[in-house]
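Trainee: There's a structure below that I have some questions on.
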Amino acid sequence: MDGNVRPESMVRITTPELAEAFINEQIPALQKQIGDGKVLLALSGGVDSSVVAALLIRAIGKNLTCVHVNHGLLRKGEAEQVIDVFRNQMKANLVYVDATDRFLDKLAGVSDPEQKRKIIGKEFIDVFEEEAKKIEGVKFLGQGTIYPDILESNGVKAHHNVGGLPEKFGFELVEPVKLLFKDEVRMVGKQLGLPDSMVFRQPFPGPGLGVRCTGAITRDRLEAVRESDAILREEFAKAGLQGKVWQYFTVVPDYRSTGVRDGKRLWDWPVIIRAVNTKDAMTATVEEVPWPLLNLITKRILVEVKGVNRVLYDLSPKPCATIEWE
Ligand code: XMP
């Protein structure tokens, strides 16, 4: 039977008990596949790779090495959370690479969105490869492929930076959640003890904040994206919108407008807030965020984020606007 086809008899994982049963079935299966071999995993901190990491930690412990590459385009607190959950709490072998300078140097002056994506993707593979070479005797590559990846793109993680990794190394793949749908992966992740903020987090693109700092990325504008995004996420969480709104983030475009503060004229950037709902990301509607909440977020951004003098709310559905700005 084709291992990439979900059998019709496979029960949908909808309860903690079913998630537990899946875990209990996977652990010995993973131990059988891997034996005492070593597995390498690119751990982004997203749901899929985190669940694969947690499963592999249970199955093979220190024979798993997770590599977390910080490309400098992560959201505030993200790398710290990966380190805390996997290294401190789960006692995993975690290699943390802060490659911020390397990525930002390569991206300097590049304004074309697809070019930016290509640079980020290639650099990611290069950094990962360098780390992989330092670890001896690795035979397997863990991957967070899920069933929609197989259905939509022949098993290549759609949009993912790590798509080129298996071919590059010739490692045998370990893909324990490849027949699961996203909601099932979340259920398994919760059962494995991963924090809700990781399991139920909103989708985050591989190129990260890089496509939300439009045009050529500069460190100061990137910081404005990161800080405003953190404020938005914090206030949405306080208002009970976390996990209810499908995706929400801020964008800082590469143009300025005039403003005034303390009697002085300013020439600063706007922050654009985007909050959308969708089923499949092919079309999207705009979340009707309550006005007082938008006001509160605006006030905080204008006070707390350097170099910003205006906050806008994006009212455009998809189509004709895409969800991301680039
Ligand atoms: P768009 O902007 O095309 O986005 O309406 C649809 C969904 O895809 C995500 N997205 C990406 N994810 N790498 C990713 O991993 C990318 O280059 C990328 N571009 C867009 C976007 O966040 C939304 O969820």
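Trainee: To the nearest 20 debye, what is the magnitude of the charge dipole of the stretch 191-246 about its Cα centre, counting +1 on the Cβ of each Lys and Arg and -1 on the Cβ of each Asp and Glu?
Mentor: 140 debye
Trainee: Between Lys133, Lys279, Lys264, where does the largest GNM mean-square fluctuation fall for the chain, given springs only between Cα atoms within less than 10 Å?
Mentor: Of Lys133, Lys279, Lys264, the most mobile in the Gaussian network model is Lys264.
Trainee: What residue among Thr214, Leu241, Tyr255 has its Cα farthest toward the positive end of the dipole of the stretch 213-324, where the charges are +1 on Lys, Arg and -1 on Asp, Glu, each on the Cβ?
Mentor: Tyr255
Trainee: For Cα pairs less than 8 Å apart in space and 6+ apart in sequence, what is the mean separation divided by the residue count of the stretch 1-135, i.e. the relative contact order in percent? It would help to have the intermediate numbers written out before the result.
Mentor: Working: 124 pairs, mean separation 26.6, N = 135.
Reported relative contact order: 20 percent.
Trainee: With n ≥ 4 as the cut-off for DSSP H runs, can you work out [θ] at 222 nm for the chain, using -39500 (n - 2.57) per run divided by the number of residues, rounded to the nearest 500?
Mentor: Helices in the chain give a 222 nm mean residue ellipticity of -12000 deg cm²/dmol.
Trainee: How much accessible surface area, in Å² rounded to 10, belongs to the heavy atoms of Lys238 with a 1.4 Å probe?
Mentor: Its accessible surface works out to 140 Å², give or take rounding.
Trainee: For the stretch 1-76, what does the accessible surface come to per residue with a 1.4 Å probe? Please give it in Å².
Mentor: Accessible surface, normalised per residue, equals 44 Å².
Trainee: As a test of reading the structure, rank Asp262, Asp280, Asp183 by solvent-accessible area (1.4 Å probe, protein chains only), most first.
Mentor: Asp262, Asp280, Asp183
Trainee: I've got another one for you. Given a cut-off of under 8 Å on Cα pairs at least six residues apart, what relative contact order in percent is computed for the stretch 183-326?
Mentor: Answer for the stretch 183-326 is 23 percent.
Trainee: A further question on this structure: About its Cα centre, what dipole magnitude does the chain give when the only charges are +1 on Lys and Arg Cβ and -1 on Asp and Glu Cβ, stated in debye to the nearest 20?
Mentor: In total the dipole reaches around 640 debye.
Trainee: Hey, in the GNM for the chain with a 10 angstrom Cα cutoff, which one of Val11, Val51, Val308 fluctuates hardest?
Mentor: Taking springs between Cα atoms under 10 Å, the residue moving most is Val11.
Trainee: Hey, if you drop one equal point scatterer on each alpha-carbon of the stretch 240-310 and run the Debye formula without solvent, what base-10 log of I(q)/I(0) do you get at q = 0.13, 0.19, 0.25 Å⁻¹?
Mentor: -0.48, -0.85, -1.15
Trainee: Still on this structure, please answer the following. So how much slack lies between Asp36 and Thr15, counting 0.36 nm per residue of separation and subtracting their Cα-Cα distance, in nm?
Mentor: Full extension from Asp36 to Thr15 adds 4.4 nm.
Trainee: Something else about it: Could you let me know the centre-to-centre spacing of the stretch 5-38 and the stretch 202-216, using Cα atoms, in angstrom?
Mentor: 33 Å
Trainee: Rolling a 1.4 angstrom probe over the protein chains, ignoring ligands and nucleic acids, what is the accessible area of Ile27 in square angstrom, nearest 10?
Mentor: Estimated to the nearest 10 Å², Ile27 gives 30 Å².
Trainee: Counting DSSP beta bridges with both partners in the chain, what percentage is antiparallel, nearest 5?
Mentor: 35 percent
Trainee: Rounded to a whole number of µm²/s, how large is the Stokes-Einstein D of the chain at 37 °C and 0.692 mPa s, given Rh as the Kirkwood radius over C-alpha pairs? Could you put the intermediate results ahead of the total?
Mentor: Working: Rh = 21.0 Å.
Roughly 156 µm²/s, to the nearest whole number.
Trainee: Give me the net charge for the shell around Lys106: Cβ to Cβ below 14 angstrom, other residues only, Lys and Arg +1, Asp and Glu -1.
Mentor: +1
Trainee: Next question. For the pair Trp267/Thr283, report the inter-label distance in nm, with labels modelled 7 Å from Cα in the Cβ direction.
Mentor: Label-label distance for Trp267 and Thr283, simple model: 4.4 nm.
Trainee: Sticking with this one: Tell me, what % of the accessible area of the stretch 96-141 is carbon and sulfur with a 1.4 angstrom probe?
Mentor: Summing carbon and sulfur atoms, their accessible area is 49 percent of the total for the stretch 96-141.
Trainee: While we're here: In percent, what relative contact order does the chain have, based on Cα pairs under 8 Å that are 6 or more apart in sequence?
Mentor: Relative contact order for the chain comes out at 17 percent.
The values are calculated or read from the model by the stated rules, or taken from the named source; none is laboratory data. Only a predicted model underlies this, so the values are computations on that prediction, with no experimental measurement involved. Counting neighbours? That spans all protein chains shown, and the Cβs are built from the backbone with ideal geometry, glycine included. Please note that ligands, DNA and RNA were not included when accessible areas were found on the heavy atoms of the full protein model with its side chains. Shrake-Rupley method; radii C 1.70, N 1.55, O 1.52, S 1.80 Å.
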